[in-house]
Every structure is written in C-alpha cells, then in structure tokens.
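Only one structure is covered here, and it is reproduced in the block below.
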Amino acid sequence: MPIDEDAFKEALRGWASGVTIVTARSGDQVHGMTVSAFSSVSADPPLVLVCANRASTTHGVIEEGGVFAVNILASHQQDVSNIFASSENEDSRLQRVSWTEGTTGAPLIDEAVVSLECNVTSSHREGSHTIYVGRVEAAHSTHGKPLLYYNGAYRSLHCGD
C-alpha cells in the first residue's frame with residue numbers, strides 16, 4: 001500500500017531543486033505554471049520532460065499547442081516564482097511578468113538563468129499528471145545563479161564561481 005499524499009509531500013521536501021516555470025502557447029492563448037518535476041532525458045536527441053497536472057490550465061495549452069518552454073528562474077526572481085505558484089489570478093500570471101516570445105511561440109521569462117524551447121514529442125498519463133517529453137529546439141542561457149527550493153523555502157547557491 002503506498003504512503004498517503006501528505007507523507008509523500010513531506011518526504012519530497014528533502015529534494016533540493018531549481019525553480020522552473022513552464023510556459024506554453026496554443027494560438028493566441030499563453031499560460032504558465034510552476035513545475036517541480038523537470039528533468040533532462042537525453043542529449044542525443046536533446047530531450048527534457050516536465051510533469052503537468054491535468055487539472056491545470058497550462059496542461060490544456062501544452063496539449064493543444066504542442067509546445068512548451070522551461071524557464072529556470074534566477075536567484076533574484078522569487079517574486080516571479082510566487083506569482084506562478086499562487087492559484088490567485090491564474091489567468092493573468094504572464095501579464096504580471098516580463099517575457100518575450102520564443103521561436104516556438106512559448107513565452108520566455110526575461111532574466112531566467114535558462115530557457116529551453118521545446119516541441120512535444122510524446123506524452124504519458126500517470127496519476128493526476130501528464131508527463132510531456134519535449135525536444136529542445138533552442139536554449140537561452142545567462143550567467144546568473146539559479147533560484148533553489150528546499151524544505152519549503154527558497155535557497156541560493158553559495159559557491160566561489
């Protein structure tokens with residue numbers, strides 16, 4: 001018998017990760033959400049995966065449009081993360097941050113450490129989410145430090161780089 005949802009969430013608080021906002025476009029509709037489940041899959045071809053809750057608006061936009069961008073936030077972008085993590089004003093999130101349109105049409109959050117533009121190559125329904133695998137068509141990087149999330153709080157890197 002699997003553990004309950006609260007115990008599972010508590011256990012995952014021990015996993016440090018970068019903070020990612022996944023954005024998508026379908027026609028004139030653009031949307032975005034915080035995604036904690038993001039990973040590289042393959043270097044050849046360049047593939048990543050994101051997991052999107054099927055109840056989210058962004059899920060439907062990815063499903064319809066077939067494109068998404070993964071925006072890895074910079075350490076100074078906690079306010080951006082909070083906008084996308086809140087269910088309040090969900091349909092106006094992208095109106096509250098600065099972004100540019102990528103080559104795929106998906107929004108790229110300005111000042112993100114990395115933005116990866118992807119075309120969906122496959123999708124897999126598992127539990128309450130869909131796992132989207134995307135081929136990376138373009139990558140945009142800066143030299144900033146990433147925003148991290150660990151044990152229920154934002155963190156930053158402390159290293160001599």
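Just so it is clear, none of the values below were taken in a lab; they were calculated from the coordinates. The structure presented is a predicted model; accordingly, all values stated were derived computationally and were not measured. Here Cβ is always computed from backbone atoms with ideal geometry, including for glycine, and neighbour counts include all displayed protein chains.
For Lys145 and His158, compute 0.36 nm times the residue count separating them, minus their Cα-Cα distance, and round to one decimal in nm.
Result for the pair: 3.7 nm of gain on full extension.
Which net charge results when you count Lys and Arg as +1 and Asp and Glu as -1 among the other residues whose beta-carbon is under 13 Å from that of Pro46?
-2
Given a Förster distance of 22 Å, report the FRET efficiency between Arg54 and Gln95 from their Cβ-Cβ distance, rounded to the nearest 0.05.
0.35
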